[in-house]
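> Below are the structure tokens for one structure; questions will follow.
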Amino acid sequence: MPQLIVPLSSPEATDADRFGPKAANLALLARAGLPTPGGFCIDAQAYRMQVAALGLEGAMRAIDSPEPGVARRAALDMKLGLLDRPIVPELAGPLLAAWRELVERSGARTAVRSSALVEDRFGSSFAGQFESYLGLEDESEFLTAVRSCWAALWSTRVLRYMATHGASPAETAMAVLVQPLVSARVSGGGLSRTAEDEMVLNATWGMGSQIAQGEVVPERIVLTREGRLRETALGRKYRAVGCVHMGGPGMAKPLFAQPCLGADQAVELGRLLLEVERLMGMPVEIEWALDEAGFKLLQGRPLHMQDAPVPDAMWLGRPGLNGHPAGVGWGSGTARVVNCECELSLVGPGEILVTRVAGPALSQILPRVAGVVAELGGSTSHLASLARERGIPMVLGVLDATQRIPNGAQVAVDGVAGVVRWLR
């Protein structure tokens, strides 16, 4: 049997069929000498062994039952079984030994990240659909995080995503990536190409989860393909975001953040982005963090691109708002303004969703909308990745969109130029 736990720096770790594309891509970058946090990978075979040891193989097969009730029960049995029952000793022992060695060597808290065999592939990024657990300090937290990553393959959100891609969790498995936690001063994402043949970086202070979850408007930096700085737009942050129907404060007046990256740092990050593209042999999107020692690459995956659309001339000269383009598509439809996720059921087929927070939870509505406009989020958020994957026009970081775009108006969304227009 091949070794189930291998360092990220090992040649074996580049095998996506064992460790998933997320870990394999990162291993490729690490072996090429690019900066990563390091760490180790857990083979997807460990997941299969745990499933077999817990006697869950029957439930796993039942997920493909034509009877909806049987399939739902099977998914619940798989999720609860993997979450609630301990990792079998033949796996737990080696896992704890590897985790202890990593903690002793790095002196840092740890991060446990999913690396499913089906994610970060072209056409099925699964961006934001699985789980990551940050800042783990003890053995119990570590083992719980591993079990939770395994169980995430059976979450309702993932099952919905798989259904739209003709996939089944019974036909795949979950590998896991374990790394020292980067003490990020600044973090963000990057796109190696746009329809205008430029590179785009997003950045925010602290951990990058705020960008990934669409909870801030990040700093946006545009570079030429030669790596020259072209323009920078400051990010925006808000004092509070909450559901107004649950007594939350809503979204307060925006505060413009201080610049996250200097010009030299942006150019350095652009060079890393181009090198990731070269190594992977395709346009890419990355996630990164900056600590006291410098930049660390956290993820690299294929980037979906489309040619720039030609808008209908009837929209030229209409009222418009600018934002961060997801990078694909042009579409029009009736605006449906919603203030929080609890109103998503109001959105009809072919409408343009106008909302505040652009988190991956909105992925469930992407199949039925003609476009998305959000007040928060940026081009490298998880939702933007999912929109690119589906070819859905999306503009993020549009200031006061829910207040300025009339509900029921006819709206056009240019997901390449980052412009939203409407008919009065």
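The values are calculated or read from the model by the stated rules, or taken from the named source; none is laboratory data. Since this is a predicted model, take the numbers as computed values, not measurements. Here the Cβ positions follow ideal geometry from the backbone for every residue, glycine too, while neighbour counts run over all protein chains shown. Accessible surface areas use protein heavy atoms only, side chains included; no ligands, DNA or RNA. Shrake-Rupley method; radii C 1.70, N 1.55, O 1.52, S 1.80 Å.
> Any residue that is open to solvent by 90 Å² or more (accessible area, probe 1.4 Å) and over 27 Å from VAL178 (Cβ atoms) - is there at least one of those in the stretch 72-81? Even if it seems obvious, please write down each step before you answer.
As a first pass, look at the stretch 72-81 and keep what is open to solvent by 90 Å² or more (accessible area, probe 1.4 Å): 72-73.
Of the ones still in play, those that are also over 27 Å from VAL178 (Cβ atoms) are 72-73.
Yes, that holds for at least one residue.
> Mind listing whichever residues of the stretch 136-159 are hydrophobic (A, V, I, L, M, F, W, C), assigned to a helix (DSSP H, G or I) and in contact (Cβ under 8 Å) with a residue 40 or more places away in the chain? Please lay out each step first, then the result.
Step one: of the stretch 136-159, the residues hydrophobic (A, V, I, L, M, F, W, C) are 136, 142-143, 145-146, 149-154, 158-159.
Now restrict to residues that are assigned to a helix (DSSP H, G or I): 142-143, 145-146, 149-152, 158-159.
Scanning the stretch 136-159 gives PHE142, LEU143, VAL146, TRP150, ALA151, LEU159.
> Between a first residue in the stretch 1-15 that is under 12 Å from ALA32 (Cβ atoms) and a second residue that is assigned to a loop (DSSP other than H, G, I, E, B) and modelled with pLDDT of 95 or more, which pairs have beta carbons less than 8 Å apart while being 6 or more apart in sequence or on different chains?
Sorted first by the residue in the stretch 1-15, then by its partner, the pairs are SER9/GLY38.
> Need pairs with beta-carbon distance below 6 Å; first residue under 12 Å from GLY320 (Cα atoms) and within the stretch 400-416, second open to solvent by 60 Å² or more (accessible area, probe 1.4 Å); sequence gap 6+ or separate chains.
As it stands, the answer is ALA412/ARG421; ASP414/TRP330, since those pairs meet every condition given.
> Taking ALA97, is it open to solvent by 20 Å² or more (accessible area, probe 1.4 Å), at pLDDT 90 or above and in a loop (DSSP other than H, G, I, E, B)?
Considered against the rule, which asks whether it is open to solvent by 20 Å² or more (accessible area, probe 1.4 Å), at pLDDT 90 or above and in a loop (DSSP other than H, G, I, E, B), ALA97 comes out as no.
> Can you tell me which residue within the stretch 85-124, out of those that are touching an Asp or Glu at 6+ places or on another chain (Cβ under 9 Å) and among the polar types (S, T, N, Q), is farthest from GLY281 (Cα to Cα)?
Applying the filter and picking the extreme gives THR110.
> If we only count strands (runs of 3 or more DSSP E) wholly inside the stretch 311-424, which ones have 1 or more residues that are more than 19 Å from GLY190 (Cα to Cα)? Let's see the steps before the verdict.
Working: elements: 320-322, 330-337, 352-355, 371-374, 394-396, 410-414, 419-422.
Counting at least 1 such residues, we get 320-322, 330-337, 352-355, 371-374, 410-414, 419-422.
> For THR164, state whether it is open to solvent by 30 Å² or more (accessible area, probe 1.4 Å) and in contact with a helix residue (DSSP H, G or I) (Cβ under 8 Å, 6 or more places away or on another chain). Outline the logic, then answer.
Details: open to solvent by 30 Å² or more (accessible area, probe 1.4 Å): yes; in contact with a helix residue (DSSP H, G or I) (Cβ under 8 Å, 6 or more places away or on another chain): yes.
Answer is yes for this residue.
> On to the next question. Residue under question is ALA370, and the condition is that it be open to solvent by 10 Å² or more (accessible area, probe 1.4 Å) and more than 18 Å from the chain's Cα centre (by Cα); does it hold? Spell out the reasoning first.
On the way: open to solvent by 10 Å² or more (accessible area, probe 1.4 Å): yes; more than 18 Å from the chain's Cα centre (by Cα): yes.
Judged against the criteria, ALA370 is a match.
> Yes or no: ALA358 in contact with a helix residue (DSSP H, G or I) (Cβ under 8 Å, 6 or more places away or on another chain) and open to solvent by less than 10 Å² (accessible area, probe 1.4 Å)? Quick ask: steps written out before the conclusion?
Working: in contact with a helix residue (DSSP H, G or I) (Cβ under 8 Å, 6 or more places away or on another chain): yes; open to solvent by less than 10 Å² (accessible area, probe 1.4 Å): yes.
Spelling it out, ALA358 is indeed in contact with a helix residue (DSSP H, G or I) (Cβ under 8 Å, 6 or more places away or on another chain) and open to solvent by less than 10 Å² (accessible area, probe 1.4 Å).
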